[in-house]
Amino acid sequence: MSRIRPAELDERLGTDDEPLLLDIRPESDYQREAIEGSRSVPVYDDLRGGDDSALRRRLGEIPDDREVVTVCKMGIVAARATRVLDDAGYEASTLSGGMSGWNGYQRGSFSYTLRSLWWRLRG
């Protein structure tokens, strides 16, 4: 399964290679904060409970003409969404660290710097 780090995503935003950002968090979380241009498909609770049918029913709403990057709070449940999309033939990746990672990247936080180093060491 493919992952994309926040810095990599940031470099691609606003370019011809910009992915579709699919935010799967509950609508209230999405309304509170979201990456600009992302699309809300609030299936987080279903996926967290092991039920991927809610996302499968909404695949028709998700364009398949570019990469899809799934976003949740920490990236764990989004990885499940990425697997569903992969199985359905989409080119899909998970945002490493989810919104927490994105916010840390945006702030240049120490914890993000450590996490980023860990990602690079893991390959």
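The values are calculated or read from the model by the stated rules, or taken from the named source; none is laboratory data. Since the structure is predicted, the reported quantities are computational estimates derived from the model, not experimental observations. Using ideal geometry, Cβ is built from the backbone for each residue, glycine included, and neighbour counts are taken over all protein chains shown. Note: areas computed on protein heavy atoms with side chains; ligands, DNA, RNA excluded. Shrake-Rupley method; radii C 1.70, N 1.55, O 1.52, S 1.80 Å.
See the values below:
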quantity	calculated
Residues within the range 41-85 that are among the β-branched types (Val, Ile, Thr) and under 13 Å from Arg25 (Cβ atoms), tallied	6
Among the residues listed as Leu9, Leu20, Leu55, the single one being under 26 Å from Leu114 (Cα atoms) and modelled with pLDDT of 95 or more	Leu9
Qualifying residue in the range 4-22 (condition: of a type in the set (Gly, Ala, Ser) and touching a residue at least 24 places away in the same chain (Cβ under 8 Å))	yes
Number of the exception - Ser111 against (1) open to solvent by 10 Å² or more (accessible area, probe 1.4 Å); (2) in a helix (DSSP H, G or I); (3) under 16 Å from Leu22 (Cα atoms); (4) small (Gly, Ala, Ser)	(3)
Elements of type helices (runs of 4 or more DSSP H) in the range 22-102, at least 1 residues being open to solvent by 40 Å² or more (accessible area, probe 1.4 Å) and touching a Leu at 6+ places or on another chain (Cβ under 8 Å)	44-48, 76-87
